[in-house]
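Asks: After the structure tokens below, expect a handful of questions from me.
Each value in this text was obtained by applying a stated rule to the coordinates, not by laboratory testing. As the structure is a computational prediction, the values presented were derived from the model and not from experiment. No Cβ is skipped: glycine too gets one built from the backbone with ideal geometry, and neighbour counts run over all protein chains shown.
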Amino acid sequence: MATWCRASVEGTLLDVVVQPKASREGLGPVQGERLKVRVHAPPADNEANEAVIALVAKRVGVPRSAVTIASGRTGRRKTLLVRSLTPPVVLERLGEDAVG
């Protein structure tokens, strides 16, 4: 199991590192102990956080309301909570992005 994807009482925790203002949006590769998330949005006015939530929710097939920032709201290193999915399901849905 990937160290950046682990079980929680409420679902799955994902440790990510965010690259705001990226030229292309996407997930992966894994950098160290975190999954890289690239978004077009700038970090100002919570735009990058909203873009990260939207991108992850879309990729794992859950509503945006099922993904929240558990920690790291103001930094590039964040932990996301994906409610109601187990780590194996999240990893399967992320596919090759989940491979380091």
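Asks: Of Pro87, Pro20, Pro42, which is the most mobile in a GNM of the chain whose springs link Cα atoms less than 10 angstrom apart?
Replies: Highest fluctuation among the options: Pro42.
Asks: Charges at C-beta only: +1 for Lys and Arg, -1 for Asp and Glu. How large is the resulting dipole of the range 5-98 about its Cα centre, in Debye rounded to 20?
Replies: Working: 15 positive and 10 negative charges, 26 e Å.
The calculation lands at about 120 debye.
Asks: Can you tell me the relative contact order of the chain? Whole percent, Cα pairs under 8 Å, sequence separation 6 or more. Mind dumping the intermediate values first?
Replies: Working: 199 pairs, mean separation 33.1, N = 100.
Relative contact order comes out at 33 percent.
Asks: Just to be sure I understand: of the beta bridges DSSP finds with both ends in the chain, what percent are antiparallel, rounded to 5? Please report the intermediate quantities before stating the final value.
Replies: Working: 18 of 22 bridges.
Here the share of antiparallel DSSP bridges comes out near 80 percent.
Asks: Whole angstrom only: what separates the Cα centroid of the range 32-86 from the Cα centroid of the range 1-27?
Replies: 7
Asks: Compute a Gaussian network model of the chain, connecting alpha carbons closer than 10 Å, and tell me which residue from Ala57, Ala66, Ala44 fluctuates the most.
Replies: Residue with maximal mean-square fluctuation among Ala57, Ala66, Ala44: Ala44.
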